[in-house]
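Notes follow the structure.
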């Protein structure tokens with residue numbers, strides 16, 4: 001009984017926070033923020049449900065060890081993408097009021113010189129990592145929806161940045177890929 005209550009309580013907290021952020025994003029007319037918080041809500045839902053109920057064999061998991069290891073390894077590049085993108089935006093984006101979505105300066109160096117949307121890419125990799133770690137039908141379905149939400153967020157953020165930064169961002173889009181790290185590294189190396 002306690003694990004159900006823990007699951008429901010954590011689930012409620014995650015969705016209250018993310019729905020609050022989504023309502024704020026609707027008021028600001030920021031579709032990218034709506035999709036990112038929908039994806040984050042689902043991402044944390046996977047973790048909560050799998051740790052509180054899935055761990056007690058309420059449903060079948062594949063438990064393929066090498067896939068689980070790959071999943072855990074994927075947390076490293078996702079954390080790197082998240083951390084470096086946050087740091088670059090804080091240092092060079094000159095955010096108003098300390099919020100990263102309120103940057104006033106166009107950032108195209110560091111990780112942003114390799115991929116345009118490292119934050120959402122990191123979140124998408126997190127989602128794939130969860131699918132591989134938990135290996136259940138629930139994690140597969142919700143994880144794929146998470147990846148789609150983060151991809152939509154990246155696409156909508158690009159549209160927002162065009163209206164915010166104009167031609168400079170359009171030129172940047174031609175130079176730097178949205179999520180393709182290999183292509184971004186090759187272009188940067190040339």
Worksheet item: What residue, of 184, 122, is surrounded by 16 or more Cβ atoms within 10 Å (Cβ to Cβ) and at pLDDT 90 or above?
Response: 122
Discussion item. Anything in segment 148-181 that is under 28 Å from residue 43 (Cα atoms) and out of contact with any helix residue (DSSP H, G or I) (no Cβ under 7 Å at 6 or more places or on another chain)? List them, or say none.
Written reply: 148, 155, 159, 180, 181
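Report, by residue number, each residue of segment 134-147 that is in contact with a helix residue (DSSP H, G or I) (Cβ under 8 Å, 6 or more places away or on another chain) and either at negative phi or surrounded by fewer than 16 Cβ atoms within 10 Å (Cβ to Cβ) (or both).
First pass over segment 134-147, keeping only residues in contact with a helix residue (DSSP H, G or I) (Cβ under 8 Å, 6 or more places away or on another chain): 134-136, 138-140, 142-147.
The answer is 134, 136, 138, 139, 140, 142, 143, 144, 145, 146, 147.
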Item to complete: Scan segment 13-40 for residues that are surrounded by 18 or more Cβ atoms within 10 Å (Cβ to Cβ) and farther than 25 Å from residue 129 by Cβ and jot them down.
Response: 25, 30
Worksheet item: Mind checking which residues of segment 166-181 are surrounded by fewer than 17 Cβ atoms within 10 Å (Cβ to Cβ) and part of a helix (DSSP H, G or I)?
Response: 167, 168, 170, 171, 173, 174, 175, 181
Item to complete: For residues that are in contact with a strand residue (DSSP E or B) (Cβ under 9 Å, 6 or more places away or on another chain) and surrounded by 16 or more Cβ atoms within 10 Å (Cβ to Cβ), scanning just segment 51-95, find the one that is modelled with the lowest pLDDT.
Response: 54
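A quick yes/no check of all residues on (1) under 20 Å from residue 162 (Cα atoms); (2) under 14 Å from the mean Cα position of the chain (by Cα); (3) in a loop (DSSP other than H, G, I, E, B); (4) touching a residue at least 60 places away in the same chain (Cβ under 8 Å):
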position: 16; (1), (2), (3), (4): no, no, no, no
position: 20; (1), (2), (3), (4): no, no, no, no
position: 40; (1), (2), (3), (4): no, yes, no, yes
position: 43; (1), (2), (3), (4): no, yes, no, yes
position: 49; (1), (2), (3), (4): no, no, no, yes
position: 69; (1), (2), (3), (4): no, no, no, no
position: 72; (1), (2), (3), (4): no, no, no, yes
position: 81; (1), (2), (3), (4): no, yes, no, no
position: 89; (1), (2), (3), (4): yes, no, no, no
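Determine whether residue 54 is touching a residue at least 40 places away in the same chain (Cβ under 8 Å) and farther than 16 Å from residue 133 by Cα. So that I can check it myself, show each step before the final result.
On the way: touching a residue at least 40 places away in the same chain (Cβ under 8 Å): yes; farther than 16 Å from residue 133 by Cα: no.
So residue 54 fails the test.
Would you mind stating whether residue 81 is within 20 Å of residue 35 (Cβ to Cβ) and in contact with a helix residue (DSSP H, G or I) (Cβ under 8 Å, 6 or more places away or on another chain)? Give the derivation first.
Details: within 20 Å of residue 35 (Cβ to Cβ): yes; in contact with a helix residue (DSSP H, G or I) (Cβ under 8 Å, 6 or more places away or on another chain): yes.
Taking the combined requirement at face value, the residue satisfies it.
The values are calculated or read from the model by the stated rules, or taken from the named source; none is laboratory data. Just so it is clear, the model here is predicted, and its values are computed rather than measured. When we count neighbours, we look across all protein chains shown, and the Cβ atoms used for this are built from the backbone with ideal geometry, even at glycine.
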